[in-house]
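Q: Dropping a structure here in structure tokens format, bear with me for questions.
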């Protein structure tokens, strides 16, 4: 009984701490967003070529934008308990769109986070996150690759609707102290550059 009560108190303290951090981060980071919950709800599509990939291109569709509070919740979990805790919350986030390599035989990958802010030079800075698909064999091996369970896409788009970016299939992230944005600290595979980005 005593052990149960102690465990319950620890759980409540952890939950209260996470809630406090989330509230603080919402206030601190909300100005970075482009009024996410007030933006046009219409689907927006982005297209890009994979650098060095010949004619291979990706298609990214954003059907909704994550809110500042959803963003703050992810950041709070990351700060408090690391990427594993953040991933649990990310997996529960509502779908924000999908990405695929163009061509009929490639399946879509569901996206769970899409957030837009502005760079100092006025470009749109779009960050997309989603859990990296993990095969049954990889899960059984339970090796270090499981630590790289996040896929991240980053786009920089000018007012004219063109730009560049990068995609990382398996990454570890943290929050940059200066910009307050997600920053890749380690990756399983080398980031792939995206060129000729455009939107319509």
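Q: Any idea which of (1) modelled with pLDDT under 95; (2) in contact with a helix residue (DSSP H, G or I) (Cβ under 6 Å, 6 or more places away or on another chain) is the one residue 118 doesn't satisfy?
A: In the conditions (1) modelled with pLDDT under 95; (2) in contact with a helix residue (DSSP H, G or I) (Cβ under 6 Å, 6 or more places away or on another chain), residue 118 misses (2) alone.
Q: For the range 88-101, how many residues are modelled with pLDDT of 90 or more, surrounded by fewer than 16 Cβ atoms within 10 Å (Cβ to Cβ) and not in a helix (DSSP H, G or I)?
A: Matching residues across the range 88-101 total 2.
Q: Could you please let me know if residue 113 is crowded, with 17+ Cβ neighbours inside 10 Å, under 23 Å from residue 58 (Cβ atoms) and either modelled with pLDDT of 90 or more or out of contact with any strand residue (DSSP E or B) (no Cβ under 9 Å at 6 or more places or on another chain) (or both)?
A: So residue 113 passes the test.
Q: Of the numbered conditions (1) closer than 26 Å to residue 59 by Cα; (2) modelled with pLDDT of 85 or more; (3) touching a strand residue (DSSP E or B) at 6+ places or on another chain (Cβ under 6 Å); (4) surrounded by fewer than 19 Cβ atoms within 10 Å (Cβ to Cβ), residue 131 fails exactly one; give the number of that condition.
A: So the condition that residue 131 fails would be (3).
Q: Now for a different question. Filter the range 59-87 for residues that are farther than 18 Å from residue 117 by Cα and either assigned to a helix (DSSP H, G or I) or without any contact (Cβ under 8 Å) to a residue 24 or more places away in the chain (or both) and give the result.
A: Across the range 59-87, the qualifying residues are 76, 77, 78, 79, 80, 81, 82, 83, 84, 85, 86, 87.
The values are calculated or read from the model by the stated rules, or taken from the named source; none is laboratory data. None of these values were measured; they are calculated from a predicted model. All Cβ positions, even for glycine, are placed from backbone atoms using ideal geometry, and neighbour counts span all protein chains on display.
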